[in-house]
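A.B. asks: Before I ask anything, here is the structure I am working with.
The values are calculated or read from the model by the stated rules, or taken from the named source; none is laboratory data. Fair warning: this is a prediction, and the values are worked out from it, not measured in the lab. Here Cβ is always computed from backbone atoms with ideal geometry, including for glycine, and neighbour counts include all displayed protein chains.
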Amino acid sequence: MKVIPIYEPTLVGNEKKYLIDCIDTVWISSQGKYITDFERALADYHGVQHCIATSNCTTALHLALKALGIGENDEVICPDLTFIAPANMILLSGAKLKLVDIDKETLALDPVLIEKSITPQTKAIIVVHQFGHSAPMDEIMAIAEKYNLKVIEDNAESIGGYYKGKMLGTFGDLSCFSFFGNKVITSGEGGAILTNNASLALTCKELRDHGMSSEKKYHHIALGYNYRMTNMQAAVGVAQLEKIEEILKLRKEQMDIYYEMLSDVPGVTPRSFKDWCSPVHWLLTITLDKQYDRNDIIAKMKTFGVECRPMINPVHHAVYLRDGYSDSEFPVSVDISSRSLHLPSSNKITRNDIVIIVDALRKCLS
Ligand SMILES: Cc1ncc(COP(=O)(O)O)c(C=O)c1O
């Protein structure tokens, strides 16, 4: 039986050629032309001045928090429904994690709840553009301005998306990206920070490299890390960025086919898109009606050769956090998380695959 995987990267451009170039020139470590090319191309694509490539998005988030001087006695707001990396990085930066529930339509931070959770210790908000859909940036930026908060966008899942015509990743003081193998474009593992602030960019660069002064080698001016990207990762990233428009177009076509075919499947609500959002088709997300057991449906889909993924769990369900919170504080996050799943989404999915997937879903639900 043919198995349709939840995700598969496609490496059909210049990836191999650039990787061979890294090997031929022996520039395989964290210096080399592809790193600067990747940083320039990503910055230019977003119309932003500075880009700092990192080993992954998790380390990018850590650097962004540290560059903003976030630490002990500070509070940072983070959505309760997100892949856990931003929450973990807030904790590892020494700050207090302030989880906030999401809005049931955008699946992003609910601005009304953000405002309610602000205290004199609140210093920053990490805004996650969840599963390809923008967070409501006008409201969030207005709150940040009102309370003098820093904004970090976590755009791991939504590269190429827009909010009211402005590109995601260009709103915050800093924005972070992931190029893990299941993302819209990949470098295997990899991440990046974008910012228009030269001083923050320099701090990120130095912290990325053991806190070493950019002016004087082996002179350490801050407690830093090794969060560098390699030239080989960047080589793959450059090749993928060359094709990003093509990939986004393909994914949009897939999304349209999925939405058309899912429109008459009873018991299923595909995630909705606000008209101010120009979404990215990362992982197609559906929510099942309450009578279904989501995990049971995923198991049944597997018998049809369709690999689905359960939605991430609420952050407060992490073993090291759950004693401090209760489900009743995050009703939307808990409800959406438990009833939602992702259907296969990658550049390789064809119309015929989508017919098979939706047909299997219909059978599993009936
Ligand atoms: C919203 C979000 N933030 C951060 C990350 C972490 O990315 P990485 O695996 O590149 O560290 C992910 C990964 O899936 C993510 O979805």
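A.B. asks: Looking at (1) free of Cβ contacts under 8 Å to residues at least 40 places away in the same chain; (2) within 16 Å of the ligand (Cβ to nearest atom), which one does residue 148 not meet, given that it meets all the others?
C.D. replies: (2)
A.B. asks: Still on this structure, I have one more. Answer with yes or no whether residue 331 is over 29 Å from residue 9 (Cα atoms) and in contact (Cβ under 8 Å) with a residue 40 or more places away in the chain.
C.D. replies: Details: over 29 Å from residue 9 (Cα atoms): yes; in contact (Cβ under 8 Å) with a residue 40 or more places away in the chain: yes.
Judged against the criteria, residue 331 is a match.
A.B. asks: Among the residues in the range 56-66, are any of a type in the set (Lys, Arg), modelled with pLDDT of 95 or more and within 27 Å of residue 146 (Cα to Cα)?
C.D. replies: Step one: filter the range 56-66 for residues of a type in the set (Lys, Arg), giving 66.
Next cut, modelled with pLDDT of 95 or more only: 66.
Filter again for within 27 Å of residue 146 (Cα to Cα), leaving 66.
So far as the range 56-66 goes, yes, one or more of its residues are of a type in the set (Lys, Arg), modelled with pLDDT of 95 or more and within 27 Å of residue 146 (Cα to Cα).
A.B. asks: Which of the residues spanning the range 307-347 are farther than 27 Å from residue 259 by Cα, within 15 Å of the ligand (Cβ to nearest atom) and in a helix (DSSP H, G or I)? Don't jump to the end; show me each part of the working.
C.D. replies: At the first step, the residues of the range 307-347 found to be farther than 27 Å from residue 259 by Cα are 315-330.
The next check asks that each one be within 15 Å of the ligand (Cβ to nearest atom); those that pass are 315, 318.
Correct list: 315 only.
A.B. asks: Only one residue in 264, 256 is without any contact (Cβ under 8 Å) to a residue 40 or more places away in the chain, part of a loop (DSSP other than H, G, I, E, B) and not assigned by TED's automatic domain parsing to the domain that holds residue 136, so which one is that? Don't jump to the end; show me each part of the working.
C.D. replies: Working: 256 fails: part of a loop (DSSP other than H, G, I, E, B).
The match here is 264.
A.B. asks: Which of the residues spanning the range 348-366 are closer than 22 Å to residue 281 by Cβ and either in contact with a Lys or Arg (Cβ under 7 Å, 6 or more places away or on another chain) or assigned to a helix (DSSP H, G or I) (or both)? Talk me through it step by step, then tell me what you get.
C.D. replies: The initial filter retains those residues of the range 348-366 that are closer than 22 Å to residue 281 by Cβ, namely 348-362.
Once the filter is applied, which keeps residues that are closer than 22 Å to residue 281 by Cβ and either in contact with a Lys or Arg (Cβ under 7 Å, 6 or more places away or on another chain) or assigned to a helix (DSSP H, G or I) (or both), the range 348-366 yields 351, 352, 353, 354, 355, 356, 357, 358, 359, 360, 361, 362.
A.B. asks: Across the range 153-170, which residue is farthest from the ligand (Cβ to nearest atom) among those that are small (Gly, Ala, Ser) and under 11 Å from the mean Cα position of the chain (by Cα)? Walk me through how you get there before you give the answer.
C.D. replies: Here is the first cut: in the range 153-170, the residues small (Gly, Ala, Ser) are 156, 158, 160-161, 165, 169.
Retained after the next criterion (residues that are under 11 Å from the mean Cα position of the chain (by Cα)): 156, 158, 169.
On the way: 156: 3, 158: 9, 169: 12 Å.
Once the filter is applied, the top-ranked residue is 169.
A.B. asks: Restricting the first residue to the range 44-60 and requiring it to be in the same structural domain as residue 160 (by TED's automatic domain parsing) and in a helix (DSSP H, G or I), which pairs with a second residue that is within 8 Å of the ligand (Cβ to nearest atom) and among the aliphatic types (A, V, I, L, M) meet a Cβ separation below 8 Å and a spacing of at least six or different chains?
C.D. replies: 57/85; 57/156; 58/85
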